[in-house]
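Here the structure comes first, spelled out in structure tokens, and everything after it is commentary.
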Amino acid sequence: MASVPGNRFKQDERRRNADHVSFLKHRRYRWLWIAVLLCLATGLGYALIDQEPRPNGGSWYGYTLGTIGLGLIVWLSLLGIRKRKITAGNWSLKAWTSAHVYLGLALIVVGTLHTGFQIGWNVHTLAYFLMLLVIISGIYGVIVYATLPTTLSNNRNEMTRGEMLEALTAIDRQLESAAQPLGRQQSDLVIRALEQDVFYGGAWGRLTGTYPGCATNRALGGFPEVAGGVDGASERVRSLLVKRAEQLAQIRRQLRIRALLEIWLFIHIPATIALLAALFAHVVSVFYYW
Amino acid sequence: MSDLYEVAIIGSGPAGMSAAGQAAKRGMAHVLLEKTDHLSDTIYKYQAGKFVMATPSNLALRAGGYEEGVSAGMQFDEGTRENILGIWNQHCGVNDPTIPVVEGEIESWGVNVKLNAEVTKIEGDKGDFTITLKSGEVLKAKTIILAIGTQGNPNKLRCPGADHPMITSQLDDPADHYDKHITVVGTGDAGIENALGLAEPALGNTVTILNRGKDFAKAKQRNADWLTEADADGKLKIRYGTSPAEVRDGEMVLETETGEETIPCDLIIARIGSQPPRGFIESMGVEFTSADRSAFPVLSPVFETTKAGIFVIGALAGYPLIKHCMNQGFDVIEYLASGESPKPADEPLLEEVFADLPGNKSVDYWLDVYQKNVSIFGGLSTLQMRELMLDSTCKAFGPGEVIFRRNEQGSSLFAIASGSVAVEVDPNDPSITVPIGEGSIFGEVGLISGRRRGSTIRAAEDTIVVELSRKAALKLISSSPEANDAVTRISIERQILQMFGSGLTPADIAPLVESAETVQVPAGKVVIQEGDEDKDLFILRLGSMLVEKDIGGRQIFLSYLPAGSFFGEMAVIDGSKRTATVKASVKSEVIKLDGEMFNALLDTKPQLRSKMLEVMEGRRQTNDFIESQKGDVGGALELYTKTAKFLSEQGIGEATDALLIDEKLCIGCDNCERACADAHEGLSRLDREAGKSFAHLHVPTSCRHCEHPHCMADCPPNAIRRGADGEVSINAETCIGCGNCKSFCPYGVIRMDPVPPKKPSLLEWLFFGKGPGPGEASYSWRKKNGDPDLAKKAIKCDMCAGIDGGPACVRACPTGAAIRVSPDKFLTFAKITEDVE
């Protein structure tokens, strides 16, 4: 009956009152400011601290930058775990993503200053360029995350993936029965269109959205638009083929946007693993030859 | 002519059968009379294989050997129709070939059963009743127990041919009928369910359902929706404004709004209700509590009617549950045999209810205290009082102890049996309190609106209260007109006081309360029309309202009003025309106050006037701000209106906490779904992709935690509750997997699934590829690794109750696309048009 005031009301109410903003704007760009401060501080240190004989990863300031960089890289790579480990507690993946983006960008400054602008053919430089590769792929990721969702949503038009495929199946069923009265040549065109795998085209087709071998488009070529629609069956099949081509186009656009949203992860993640390995080698070798 | 029986029991349902069994054990000369050729007709007519529940689960089954010295008697436990009837047949020594014999040792009590014995007349007085059967046979008995229920007396069609053999009032199995022309009369739930079953396309039936009116007020919303959907799909035909005119061989004449029409017909299902056979009972000299159609006979605490020697038990006494019925049968026989009533079966339960109260007093003492002191219990009989208290919690509080707190979730009603409480009306200053005294009630606003508690209430002295669950309170209100009047009056008075505060006393507003009227408003109905000149003030006590204004020829959304707000004050105060249109976003209830009376009140209370002017000024500013947006080129105003409308169509208006996805941010990673599954033993309670979108705002298939949850409408084990944080959740322990909630939910957010097997840990998956990985495992994996014997249960969003940090779906969204909102905070211009990127 009477209960202790220990429920989640305040917390829930804060959530319901919270601003509704993207990961980039999170908490009025809190992590952007932190990242900018970090860059300014490290840059200022680099300029003002007299490093003998010259700026180098092996000076005390170089070690400091290296430690910050290593810490950041290891922490940034933990996002993959945070995302998948749904533990209790007051964390938000949006805040993590926000910090990941801005601190990741700050690494360009921290990492570059750590090198002291000394580039060579060795494992140290390898680690540096792997880091840049990870960051560049990440920048692509931020750009597509910020721009593509609207396109994805427009294209989806309230249909789920399953519904898009179902709609295609329904058109195919109609096509099959509508094509029965057709002659051999036109029938073959329809059959070929129906037999073609919806997902044909491979990774290239998916990313570029070009499907030169699309049997549906080819079939459409075999059904010229006749003014007045002389032949009933042929006209009906033609309109169904147009519908099929439109439905296919929606599915393909969906695949393309999803692919563009995900492709960078195929570089970002493996490069991160390689970076961690290279960093390990870099750190071990530095201390080995100390 | 036969011997004089000690007792004649009429009706062999659970109540009568239990009484007969007990009489047999007691060695009383008895006879059990049953109209049909089998026992327990109501249960017999259940669909084959139906699972029958044994509720209330905490009530002891008397007849099953509750007291020492009485050997185990009539058995009853939840089970299938066949199992239950099989056991009872064996108890009564009845051999019914349609019911399989139940294995195991079941005693026969030597009950004297007469089947096919319909009673047509009862005459005489206590000690010497004469019972005439339809067959002409005459029996004599000293006492009579009526246990005839209410089902055996279906209403007949009111037209010529009402006795035609093709008319039936029940349907065992729709699949028994195919390729027929079938007419269903009546659009209550039973009629609709029958019509839908018969209209299955595979059966090839042509089904017509007659609706005398235009709507389906008697049916559950879900059933009505299904029916209209089936009509739209051409599966059956609904005929509105139509009633039967005549039944003939092979055809039926319909009376439509445009004249008579004859349709082919092979079967008529008449589902137009049933009634206690009142005339028959009254002819014996038994009085009813009121003239109301649904009234029950007046009964003493031992179930004796106003006619000495005639007892009424079971559904006819107002107790539809099997356990109650069986206990009553036992109790009445014990009373007749021993001259004193055994302690009612609920005595130990009531002892528990009163256990926390001081002084170690008896159950009777407390029942008496509550009934005498609490005004709303005045009209209840002892039996009703006992039943009410069973569903309630009784507690004592010391001075200063908190009974409930502001913003706590709670929909129960409290009544003060002794002492008094203090209401902290000002959130900022707990020292400002208003007293509520002995005999009165509190908590009624939460009960009616479903919203959080409006203020903290503490005991002012040593206080004893009773807390009625929402269900018990609603039952009380519907069964006792006195209680209904009292609760309505008090709630109106309190709502006015709470809302307008400013030093008003109940005496000040008494005339206003007297003139107040509660009005039901269906969803979409306009309460105030812009430009009209009416001058009433409204208080929204249930549901929510949308305020719109005509700006440049377009209806522009101004604001959302949650339950507990008032509206219409502008026209009342400054005498202007209505400045905006207010309409219900969901089914609502408003209190209508007379505007002139309110103005008169304002004249005497300048403080109140200034407060009202303040509120008005605030609302005006909002309106002006929105109006100032009309020149906006980006169409923000239009977007705002359309979005608000869209969200309210998607049920956000009745939500308390709903998930939305901003598709300008959503990358489609489905991490919300995965997080949901991983936070809840492996099944996701949301479908991100499904659902409607508008202007890139997507309402996924996910629970809205409605103010008055549809899913709670009919949960047989009462397993759905609203928790402390406002979440509506299903208790997996007590859920029986019946699927009622799933069919009641208008938003399709409840799924039925067994608990999936445990997955290997995340690291095992990450490093060794073990298991299906994060998120909901595929159906095939669950099937392969799960326990095949686990039953399906209803599962839905519980707002991550008990999980520190709150809803996992929101926490796990990487871009900020997933948000959970409440309508009163989100349906504002600032939130909807917020620039998120």
Every pair of residues 6+ apart whose Cβ atoms lie under 9 Å, when the first sits in segment B:475-492 and is without any contact (Cβ under 8 Å) to a residue 60 or more places away in the chain while the second is of a type in the set (D, E, K, R) and surrounded by fewer than 20 Cβ atoms within 10 Å (Cβ to Cβ): B:R489/B:E514
All conditions in (1) within 34 Å of the chain's Cα centre (by Cα); (2) of a type in the set (V, I, T); (3) farther than 18 Å from B:E193 by Cα are true of B:T208 except (3)
Could you go through segment B:746-758 and let me know if any residue there is at pLDDT 90 or above, part of a loop (DSSP other than H, G, I, E, B), within 14 Å of chain A (Cβ to nearest Cβ) and surrounded by fewer than 16 Cβ atoms within 10 Å (Cβ to Cβ). yes
List the number of the failed condition for B:A724; all other conditions in (1) modelled with pLDDT under 90; (2) within 14 Å of chain A (Cβ to nearest Cβ); (3) buried (at least 21 other Cβ atoms within 10 Å of the Cβ) hold. (3)
What's the number of the only condition in (1) farther than 30 Å from B:G635 by Cβ; (2) modelled with pLDDT under 85 that B:I832 fails to meet? (1)
Hey, can you tell me all the residues within segment B:443-476 that are among the hydrophobic types (A, V, I, L, M, F, W, C), surrounded by fewer than 21 Cβ atoms within 10 Å (Cβ to Cβ) and under 28 Å from B:S381 (Cα atoms)? B:A472, B:L474
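Determine whether segment A:196-215 contains at least one residue that is in contact with a helix residue (DSSP H, G or I) (Cβ under 6 Å, 6 or more places away or on another chain), assigned by TED's automatic domain parsing to the domain that holds A:A233, outside any helix (DSSP H, G or I) and hydroxyl-bearing (S, T, Y).
Start the filter on segment A:196-215 by keeping residues that are in contact with a helix residue (DSSP H, G or I) (Cβ under 6 Å, 6 or more places away or on another chain), which leaves A:196, A:206-207, A:209, A:211, A:215.
The next check asks that each one be assigned by TED's automatic domain parsing to the domain that holds A:A233; those that pass are A:196, A:206-207, A:209, A:211, A:215.
So of that shortlist, the ones also outside any helix (DSSP H, G or I) come out as A:196, A:209, A:211.
When the remaining residues are screened for being hydroxyl-bearing (S, T, Y), the result is A:211.
Within segment A:196-215, one or more residues are in contact with a helix residue (DSSP H, G or I) (Cβ under 6 Å, 6 or more places away or on another chain), assigned by TED's automatic domain parsing to the domain that holds A:A233, outside any helix (DSSP H, G or I) and hydroxyl-bearing (S, T, Y).
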Taking into account only those residues within segment B:72-90 that are of a type outside the set (S, T, N, Q) and at pLDDT 85 or above, which is nearest to the chain's Cα centre (by Cα)? B:I84
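In this structure, is A:D50 of a type outside the set (A, V, I, L, M, F, W, C), more than 30 Å from B:V353 (Cβ to Cβ) and in contact with a strand residue (DSSP E or B) (Cβ under 9 Å, 6 or more places away or on another chain)? Talk me through it step by step, then tell me what you get.
Numbers: of a type outside the set (A, V, I, L, M, F, W, C): yes; more than 30 Å from B:V353 (Cβ to Cβ): yes; in contact with a strand residue (DSSP E or B) (Cβ under 9 Å, 6 or more places away or on another chain): no.
When the stated conditions are applied, A:D50 does not pass them.
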Would you be able to say whether some residue in segment A:22-41 is more than 28 Å from the chain's Cα centre (by Cα), more than 9 Å from chain B (Cβ to nearest Cβ) and charged (D, E, K, R)? no
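Could you list all residues from segment B:811-830 that are more than 7 Å from chain A (Cβ to nearest Cβ) and either touching a Gly at 6+ places or on another chain (Cβ under 9 Å) or part of a helix (DSSP H, G or I) (or both)? Before the answer, list the steps.
Initially, segment B:811-830 is screened for residues more than 7 Å from chain A (Cβ to nearest Cβ), giving B:817-818, B:823-824, B:826-830.
Residues satisfying the conditions are B:P823, B:D824, B:F826, B:L827, B:F829, B:A830.
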Would you point out the residue of segment A:175-215, among those that are polar (S, T, N, Q) and either touching a Pro at 6+ places or on another chain (Cβ under 8 Å) or surrounded by fewer than 14 Cβ atoms within 10 Å (Cβ to Cβ) (or both), that is farthest from A:G232 (Cα to Cα)? A:T208
List the number of the failed condition for B:S684; all other conditions in (1) more than 22 Å from the chain's Cα centre (by Cα); (2) surrounded by fewer than 22 Cβ atoms within 10 Å (Cβ to Cβ) hold. (2)
Is it fair to say B:D804 is more than 14 Å from every other protein chain (Cβ to nearest Cβ), more than 18 Å from B:H698 (Cα to Cα), under 36 Å from the mean Cα position of the chain (by Cα) and free of Cβ contacts under 8 Å to residues at least 40 places away in the same chain? no
Got a number for residues in segment B:251-276 being over 36 Å from the mean Cα position of the chain (by Cα), among the hydroxyl-bearing types (S, T, Y) and either surrounded by 14 or more Cβ atoms within 10 Å (Cβ to Cβ) or not assigned by TED's automatic domain parsing to the domain that holds B:I238 (or both)? 0
Taking the options B:D787, B:D798, B:D804, name whichever one is assigned to a loop (DSSP other than H, G, I, E, B) and in contact with a Pro (Cβ under 8 Å, 6 or more places away or on another chain). B:D787
State which residue is surrounded by the most Cβ atoms within 10 Å (Cβ to Cβ) when the search covers only segment B:307-350 and only residues that are in a loop (DSSP other than H, G, I, E, B) and of a type in the set (S, T, Y). B:Y319
Hey, any hits in segment A:84-94 for a residue that's farther than 30 Å from B:E681 by Cα and in the same structural domain as A:T112 (by TED's automatic domain parsing)? no
Among (1) out of contact with any Leu (no Cβ under 6 Å at 6 or more places or on another chain); (2) within 14 Å of chain A (Cβ to nearest Cβ); (3) buried (at least 16 other Cβ atoms within 10 Å of the Cβ), which single condition is B:S392 missing? (1)
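Going through A:A99, A:A127 one at a time, which residue ends up being closer than 30 Å to B:V810 by Cα, in contact (Cβ under 8 Å) with a residue 12 or more places away in the chain, assigned by TED's automatic domain parsing to the domain that holds A:P270 and in a helix (DSSP H, G or I)?
Working: A:A127 fails: closer than 30 Å to B:V810 by Cα.
None of the other options fit; the residue is A:A99.
What strands (runs of 3 or more DSSP E), lying completely within segment B:648-715, carry at least 1 residues that are free of Cβ contacts under 8 Å to residues at least 60 places away in the same chain and aliphatic (A, V, I, L, M)?
On the way: elements: B:658-662, B:687-694, B:697-701.
Once the strands (runs of 3 or more DSSP E) in segment B:648-715 are filtered for at least 1 residues that are free of Cβ contacts under 8 Å to residues at least 60 places away in the same chain and aliphatic (A, V, I, L, M), what remains is B:687-694, B:697-701.
The values are calculated or read from the model by the stated rules, or taken from the named source; none is laboratory data. Since we're looking at a predicted model, the values are computed, not measured. Cβ sites come from the backbone with ideal geometry, for glycine too, and all protein chains shown count toward neighbours.
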